[in-house]
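Have a look at the structure that comes next, please.
The values are calculated or read from the model by the stated rules, or taken from the named source; none is laboratory data. Note that the structure is a prediction, hence the values are computed from the model and not measured. Note: ideal-geometry Cβ built from the backbone for every residue, glycine included; neighbour counts use all protein chains shown.
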Amino acid sequence: MLTEEALILQLSKRIITAYFEELDLTPLFSHLSDNVIWAGAGKHMQLTGYEAVTEAFRRGHSQRVPCRISNEEYTVRPLSDTTWLCQICSDITTDPSCNMFIHEYQRCVFIFQKTQRCDDGWEIIYLNNSVAYNRLNDQELFAVEYGMHNFQQRAEADGENVLTTQDKYQLYSYIKRNAFANLDAAGKNLFLALSLFPSFTGELASYVMDSPRAKDLLDAEVERNPFLYFDYHDGTYSFHPLLASYLHYVFSRKSRRWQQAQQLRAAHWYLQEGDYKQAIVLARRAGNYDTVLTAIEQGGRESLYGFAHDVAADTLQHASAAERAAHLEGCFYCVLYAFRCGKRLLAVKYLSVLADCVETEFADAAQRLYYAAYAEVMKGFCSYPDLSAMTKHVQRARELLPSPHDLILPWTFGSPSPLSLYHSLPGQLEQTAEGLRQFTASYIRLIHADVFPCQTDFIRGEYEYLTGRLDEAEQTLTQYVHANSIVPKCISHLQTAHFYLARLALCRGDAAALQKEVQHLHSLKLQVYPQCGTAVKHLCEAFLQSMLNSSSASVPLYTSPPPPIDVNGCYYPIAPIAAVIQDKVLLSRGEFPQLLLQATEHYKTAMASQYILPAIYESILLACVYEHAGNIDGAATALKQAIVLAQPDHLVMPFAEHAEYLPQTMKRLCSDAATAPFIEQAQGLSLAEPLSTLRTALAKPALPLSKREQEVAAMVATGLTNKAIAEQLNIAEVTVKKTLSQIYKKLGITNRAALSHYMSHHPMS
């Protein structure tokens, strides 16, 4: 049975999800009390009583659009025996299907009271929802007008119409008469072609029109056309969203051949400007896969990041054999991207197609061998997690290439813990580590002339750490770091080594060593797969910070909060490892109800996919939740579940890392002969004391801010707008903006959400 805390969290999530993502008011309305108080984001949004509040939400319902919720942070607190508070802070982003773009920070606060009226026993007596910016009109429930302005900044070059059906004809007629009909044929075609760009210069207009007359035409139109803007600061023109929408409509009525010609020309412009993503978007619309593959090749693997996997699949499917042969590198990037998105069967299918292409299309022997080796390496990656098959394919690639080549692929997939990716059977960890070392050695031989045993010792170091042989691990990893200068390309390996050396510093309570290893993680130059490498760094930082922080102590290891965990640059195998780190962050914040929900699901996922290490961690985290709730029986069951998976390989360190959260549970299991030796060793390696030492050593009593800056920062953290802050402090709004800019610069952050998070973890002096 769920605790009251967990029930409140579950109910709040259901209401919020229905409201924002499904546009369903029913869960909210069914829980409002008769005397509910509502405070909204606008100045006059303060109402009392069920009828008044529901009427306000019904009026605003027509303004609303479906949104996606991300980066949620839930705070659940009891106010009395019968009353609970739940605060939800999250990012709200309009669904891509919408005709506007909004991305803002949203706060919602519910106060629930026990009742017999609702089936689940809770009703809302207070509701507050607000956004952390000051662009709402007093009469707006949702920032539609601001979204309309942002419409012109959408990444997609061709947008949908933003007008309602009843307004469309009238407005389009007006725009046609006043902003389009007076243009000659060349001018009309110019406007239509330029509608593919969110903004444009005179140079771009001349390129599109193929005439120096284009800029003169635009300048003349700026003077008389209220729907054409010119920014004197950067020298760019842009269409008002309404005119842009009309132009998209007219564009869609032109012949398909004409549309494709304009889209292709626009794609070529983006290509020469280095905007490869937009080049890919427009070239696909033009049906020109030669240009798509050119953009992918020039932009590299990262040019595909952010797209759905079908971009890669469509490109491989629709490109001709000649286009594939001409752009084989780009084709391999597409295969790798399909694999990255978890479409392994699709990747294998097209690998076979490309392998045939290599044999039939390349007369040059050197090229043929290179791409044949490339295909073998790719086959190896698509064999994940079968280390034996992966090794055979990489060895075959080495046989095809008599000398080292730059066939670098992220075989760690963005994980700071390689063993977590491959350990799938209890009792086989040592064999897995050895198999992984053999694969790594074969892979390094492919890209380097020589290989030395120490080049794979970061794997051995991880194995020694996890099994509690800390002195051996430190020696092994230190040796690897010193020797790794001969393998400069394998930065992901160095990241793993420094990450585990940082964890060893945690075990010793050594603040200086910890900060040194963190600095090494920051200083690594991520020339190869920078997005993946950055994601690894973020995961490492989040893990280390979660170890230092607890619900009762918050220690700033970094000058600014670690960035949010972002694994967009990683590959699908990383998901369970990232989930563990996300859940550890929840534990460190004391967000136990949310942790219970997430860790339960993450454990099931890890077990289903045979990720043994993540499953161990999730079971331990569940035990922490149960002990916090006073449910020692439940905690013991969860911890025994973890021990069953860990004991065959003596994976003791995950237990030692969480010993401070499990004193009662570990005490109970010490009385069980089957688990006592394992738990006693975990207690002997416990990080509770060294972490306490580190928290004292690293604690900073005050913010690096002036008194006025602290005042402004504290008010921002409460959700006040710049205008409201100015009124309270009796200063000009521009002064607030300048002060906020200084705060951001000092703390190394960029937005109000990050500042709110920072203030929650740092006391004011």
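Being over 12 Å from Ala6 (Cβ atoms) and more than 17 Å from the chain's Cα centre (by Cα) is the filter; apply it to the stretch 578-598 and report the residue that is surrounded by the fewest Cβ atoms within 10 Å (Cβ to Cβ). Working first, answer last.
To start, the set of residues in the stretch 578-598 that are over 12 Å from Ala6 (Cβ atoms) comprises 578-590.
Remaining after also requiring more than 17 Å from the chain's Cα centre (by Cα): 587-590.
On the way: Leu587: 23, Ser588: 21, Arg589: 20, Gly590: 13.
Within the stretch 578-598, the match that is surrounded by the fewest Cβ atoms within 10 Å (Cβ to Cβ) is Gly590.
Any residue at all in the stretch 38-47 that is closer than 17 Å to Phe110 by Cβ, out of contact with any Leu (no Cβ under 9 Å at 6 or more places or on another chain) and modelled with pLDDT under 85? Walk me through it before giving the result.
From the stretch 38-47, those closer than 17 Å to Phe110 by Cβ are 38-41, 45-47; that's our starting set.
Now restrict to residues that are out of contact with any Leu (no Cβ under 9 Å at 6 or more places or on another chain): 46-47.
With the extra rule that they be modelled with pLDDT under 85, the set shrinks to 46.
Within the stretch 38-47, one or more residues are closer than 17 Å to Phe110 by Cβ, out of contact with any Leu (no Cβ under 9 Å at 6 or more places or on another chain) and modelled with pLDDT under 85.
So Glu73 fits all but one of (1) within 24 Å of Thr3 (Cβ to Cβ); (2) of a type in the set (D, E, K, R); (3) surrounded by fewer than 15 Cβ atoms within 10 Å (Cβ to Cβ); what number is the exception?
The one condition Glu73 does not meet is (3).
Here is a further query. Yes or no: Leu425 outside any helix (DSSP H, G or I) and modelled with pLDDT under 90?
Details: outside any helix (DSSP H, G or I): yes; modelled with pLDDT under 90: no.
Criteria not met by Leu425.
Can you pull out every residue in the stretch 440-467 that is part of a loop (DSSP other than H, G, I, E, B), modelled with pLDDT under 80 and not acidic (Asp, Glu)? Walk me through how you get there before you give the answer.
As a first pass, look at the stretch 440-467 and keep what is part of a loop (DSSP other than H, G, I, E, B): 448-452, 467.
In the following step, the residues that additionally are modelled with pLDDT under 80 were identified as 448-452.
Those that are part of a loop (DSSP other than H, G, I, E, B), modelled with pLDDT under 80 and not acidic (Asp, Glu): His448, Ala449, Val451, Phe452.
Tell me, please, whether a residue that is outside any helix (DSSP H, G or I), modelled with pLDDT of 65 or more and crowded, with 21+ Cβ neighbours inside 10 Å can be found in the stretch 543-553.
Of the stretch 543-553, the ones outside any helix (DSSP H, G or I) are 549-553.
Cutting the leftovers down to modelled with pLDDT of 65 or more gives us 549-550.
Applying the additional criterion that residues be crowded, with 21+ Cβ neighbours inside 10 Å yields 549.
Looking for residues that are outside any helix (DSSP H, G or I), modelled with pLDDT of 65 or more and crowded, with 21+ Cβ neighbours inside 10 Å, one finds at least one in the stretch 543-553, hence yes.
For (1) assigned to a loop (DSSP other than H, G, I, E, B); (2) out of contact with any helix residue (DSSP H, G or I) (no Cβ under 6 Å at 6 or more places or on another chain), each residue gets a yes or a no:
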residue: Ala646; (1), (2): no, no
residue: Pro654; (1), (2): no, no
residue: Glu709; (1), (2): no, no
residue: Ala714; (1), (2): no, yes
residue: Leu720; (1), (2): yes, yes
residue: Ala726; (1), (2): no, no
residue: Thr735; (1), (2): no, yes
residue: Thr739; (1), (2): no, no
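Working only within the stretch 100-130, note down all residues that are part of a strand (DSSP E or B), at pLDDT below 90 and among the hydroxyl-bearing types (Ser, Thr, Tyr).
Result: Tyr105, Ser130.
If you don't mind, another one. When you look at Gln582, is it at pLDDT below 80, within 27 Å of Pro385 (Cα to Cα) and among the polar types (S, T, N, Q), yes or no?
Numbers: at pLDDT below 80: no; within 27 Å of Pro385 (Cα to Cα): yes; among the polar types (S, T, N, Q): yes.
No: the conditions fail for Gln582.
Yes/no per residue for (1) exposed (fewer than 14 other Cβ atoms within 10 Å of the Cβ); (2) under 30 Å from Arg752 (Cα atoms):
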site	(1), (2)
Leu651	no, no
Ala656	no, no
Cys670	no, no
Ala673	yes, no
Phe678	no, no
Pro690	no, no
Arg695	no, yes
Glu709	no, yes
Ala714	no, yes
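Still on this structure, I have one more. Taking the condition farther than 19 Å from Ala659 by Cβ and either in contact (Cβ under 8 Å) with a residue 24 or more places away in the chain or assigned by TED's automatic domain parsing to the domain that holds Tyr463 (or both), does Glu601 pass?
Values: farther than 19 Å from Ala659 by Cβ: yes; either in contact (Cβ under 8 Å) with a residue 24 or more places away in the chain or assigned by TED's automatic domain parsing to the domain that holds Tyr463 (or both): yes.
So Glu601 fits the description; yes.
Sticking with this one: With the requirement that a residue be more than 13 Å from Asn189 (Cα to Cα) and charged (D, E, K, R), what does the stretch 247-264 give you?
The answer is Arg256, Arg257.
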